[in-house]
Amino acid sequence: MKPRQRHPKFSPRRLWGIIVKEFTQMRRDRLTFAMMLGIPLLQLTLFGFAINSDPRHLPAAVLLADQGPQGRTLLYAMQNSTFFDFTRQVRTEVEGRDLLARGQVQFVVNIPENFSRDLLRGDRPAILVEADATDPAATGIALGSLNAVLGGALRNDFKGPLDFLNATASPIDLRVHALYNPESITQFNIVPGLMGVILTMTMIMITGLAITRERERGTMENLLSMPTRPSEVLIGKIVPYILIGYIQVGVILVAARLLFHVPMHGSIPLLLVVALVFIAANLAMGITFSTIAKNQLQAMQMTFFVFLPSILLSGFMFPFRGMPRWAQTVGEFFPLTHFLRIVRGILLKGNGLPDVTRELWPIALFAAVMLTIGVKRYRQTLD
Amino acid sequence: MEENFAIDVRGMTKRFGERTVVNDIALQVRAGEIYGFLGPNGSGKTTFIRMLCGLLRADAGSGTVLGFDVIAESEAIKRQVGYMTQRFSFWEDLSIAENLDFVARMYDVKNRAQAVRRSIEQLGLAGRQRQLAGQLSGGWKQRLALAACLIHQPKLLLLDEPTAGVDPKARRDFWEQIHQLAGEGLTFLITTHYMDEAERCHRLAYISYGNLLTHGTVAEVIVHVRLTTWSVRGPGLLGLAAQLRQQPGVQQAVAFGNALHVSGDDAAALEAAIAPFRQAPFEWQRIASGLEDAFIHLMEQSQDNFAPAVAAEPLKK
């Protein structure tokens, strides 16, 4: 016969006791508290001000072997495109190669002898642009712009009898509408994304630490010897950190608005409601980790074990659609992937509830699964 | 139930993997009694106590604690038991008052604020209630732990080495308080390594490598061990001790101040062994065995029995 354990009922008063205790400890733990606010501020500064996926003003050298006006016109046009900054003039190709090899310039533009004469004759002279393409992201956009920049530059020179040199018009009238972020401002994409990244990192870590800390300091034994229910402990530990999560969301939204002027087309209340589900998903993951990790260090390591792939595969740093199919499939499992779509959708595209719901249920499912595992694994004994 | 037992368990067994840490232990503790639980480190004392208060699931065993089933009703037991862990396990980043308040909340203590205030006053912690627990000295931490264990007015207190690292004055105060509380009807199960503390208990149990070797009052335990002890005084006792230890029949030769206590469990063999040395300048006297003699004897005996299985041997050179 299996005797039935008489469990005491869930007590809101005990729950409140745990919440009060967590808040008191949080207040005392200045370092963690500072980290909770410091991480968003630091990341905002780094990602918001420092990182630019549309690099401009790249240093370039020029090898100008022709003194004609057309060569100079082209160089001015390149400079005016803001992609190129001509910082050096070199006399030989070897010298140019050397600058590239040492990384002192990103490009060497070589305008050969008799460039202007050949151009006016219609001989289609060559311009050689050598690029340090080690990092494709650094050179790609600048190189892509070259055709349009050079084509337009000489239009003023080719008038009257030289009109035949102008390129013939394309048979297609191409029109591109870059929606939602027409000026391609990196911050508009990064800053809302940061909200998800920061919540992922801090929320998983903080709950993981909060529970393993009790075990590491031996206070868990004390807690277990009291008539406290696991659900009271777990919820009591989650609630204070939800508040921290919202403070972080607030900091980021204010910075997005005032510092980075990120457009906010959608409903902020909707975003705040969705953020709750996302915060809960991450806290639940932290709790599950804490039931596996033996100490705070392990909890920290597990956090980074999840944090790195989610930051790489979620579409925060690199375009999601650019990844191979398998990577996209893996990425779909991370709550961050879906939350990024939601937060960017609400702010930049003005998405409403129907669009959001499509991405919300995977997060909710994830939270439910994680919380179930966490509560199941949270042991009420020291076995 | 003829007698009123606070703890009445049988066959308590706990295994961790292949190792049996607590082996078929039966224990009866009367209500209002101070029961000492002794044994070397790693003998299973803590594990046994944890099973009593539901922190560990017993692999076998039955019985009652405070009238509740020890296996099935651990939740009910928890409400009426105070458990003081071996290592200080209250929150070091909370103040004394906050710790007490938290514990009172967890046990749903009525008139919480009043209970906390009373507890602080009773333990003489009034001037320090705002101090963080982590900044307290060992003695004050122990006072706080005891106060916290008492705040929900338990009927049974399980204290795991409560006086480890506490100075003699604080230890004496502590034991005075224990006796006072026992007088009020509280039951105690206390583990300790100190002989003077063991002698302050009403009854004792000795456990080694998971087995209960003996139990009873101090006198009963000493009688049960059947040890004969001689005391010898004179010059050069150190050399004498070394010689005596070589003799069959001598199991212990331990210095006590200016005397040497020589004991063995076979009175005749012991007498034969010391016979060659019973001459001037040595003065021999047969004395009653002390509790410490008895326990060291028990400890060595059980080591003999278990030595191959457990790494209890002293390190070889």
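Some points to look at:
- Ordered by the count of other Cβ atoms within 10 Å of each Cβ, fewest first, B:SER119, A:SER267 give A:SER267, B:SER119.
- Rounded to 10°, Cα long-axis angle of helix A:296-313 versus longest principal axis of chain A: 40 degrees
- Cα gyration tensor shape of region B:165-291, rounded if a/c is under 1.5, else prolate or oblate by comparing a/b with b/c: prolate
- Tilt relative to chain B, helix B:237-246 - C-alpha long axis, 0 to 90 degrees, to 10: 80 degrees
- Cα gyration tensor category, rounded, prolate or oblate, for chain A with a/c compared to 1.5: prolate
- Applying 1/(1 + (r/R0)^6) with r as the Cβ-Cβ distance of A:SER184 and B:ARG79 and R0 = 56 angstrom yields a FRET efficiency of 0.30.
- Once the Cα-Cα distance is subtracted from the 0.36 nm per residue extended length, the B:ARG15 to B:VAL254 segment shows a gain of 82.5 nm.
- Projecting label points 7 angstrom from Cα along Cα→Cβ for A:ILE247 and B:GLN153 puts them 4.0 nm apart.
- In this structure, B:ILE287 and A:VAL20 have a Cβ-Cβ separation that, at R0 = 51 Å, corresponds to a calculated FRET efficiency of about 0.30.
- Ranking of B:THR163, B:THR214, B:THR187 by neighbouring Cβ atoms within 10 Å, starting from the fewest: B:THR214, B:THR163, B:THR187.
- Over 32 Å [Cα-Cα, chain B], rounded percent: 38 percent
- Percentage relative contact order, chain A, counting C-alpha pairs under 8 Å, at least six apart: 19 percent
- Computing Rg and the Kirkwood Rh from the Cα coordinates of region B:92-150 gives a ratio, Rg/Rh, of 0.93.
- Both radii are taken from the alpha-carbon atoms of region A:211-321; with Rh as the Kirkwood radius, Rg/Rh is 1.06.
- Exposure proxy ranking for B:HIS215, A:HIS177, based on other Cβ atoms within 10 angstrom of each Cβ and starting from the fewest, stands as A:HIS177, B:HIS215.
- Values of log10 I(q)/I(0), in the order q = 0.06, 0.08, 0.12 Å⁻¹, for the protein assembly as shown under a Debye, Cα-only, solvent-free model: -0.58, -0.80, -1.27
- Projected area, mean over directions - region B:228-288, Cα convex hull, nm²: 3.5 nm²
- Inter-label distance, nm, simple model (7 Å from Cα along the C-beta direction), A:LEU150/B:GLN135: 7.4 nm
- Between B:ALA164 and A:ALA327, the simple spin-label model (points 7 angstrom out along Cα→Cβ) gives 5.3 nm.
- Among A:PHE47, A:PHE320, A:PHE86, the largest mean-square fluctuation in a Gaussian network model of chain A (Cα springs under 10 Å) belongs to A:PHE86.
- Among A:GLY331, A:GLY322, A:GLY236: highest mean-square fluctuation, GNM of chain A, C-alpha pairs under 10 Å: A:GLY322
- Among the GluC sites (Glu not before Pro) found in region B:1-42, those both in a DSSP coil and sparsely packed, with 16 or fewer other Cβ atoms within 10 Å of their Cβ, are B:GLU2, B:GLU3, B:GLU18.
- Region B:108-185 shape via C-alpha gyration tensor axes, a/c threshold 1.5: oblate
- D_trans [Stokes-Einstein, Kirkwood Rh over alpha-carbon pairs] for region A:58-165, 20 °C, 1.002 mPa s, µm² s⁻¹: 149 µm²/s
- Placing R0 at 45 angstrom, the Cβ-Cβ distance between A:ILE127 and A:PHE304 gives a FRET efficiency of 0.40 after rounding to 0.05.
- When the convex hull of its Cα atoms is projected in every direction, mean area for region B:192-239 (nm²): 5.2 nm²
- Dipole of the protein assembly as shown, positive end: most advanced residue of A:PHE289, A:TYR246, A:LEU270 [Cβ charges, Cα centre]: A:LEU270
- Normalised contact order of region A:271-383, rounded percent, pairs of Cα under 8 Å and 6 or more residues apart: 41 percent
- In the protein assembly as shown, helical runs assigned H by DSSP with n ≥ 4 each contribute -39500 (n - 2.57); averaged across all residues and rounded to the nearest 500, the mean residue ellipticity at 222 nm is -15500 deg cm²/dmol.
- Alpha-carbon radius of gyration plus Dmax, which is the widest Cα pair, for region A:165-268 in Å: 24.3, 90
- Region A:258-383: translational diffusion in µm²/s, Stokes-Einstein, Kirkwood Rh over Cα pairs, 20 °C, 1.002 mPa s: 135 µm²/s
Since every read-out is calculated from the coordinates, none of them should be taken as a lab result. Since the structure is predicted, the reported quantities are computational estimates derived from the model, not experimental observations. Cβ atoms come from the backbone with ideal geometry, glycine included; neighbour counts cover every protein chain shown.
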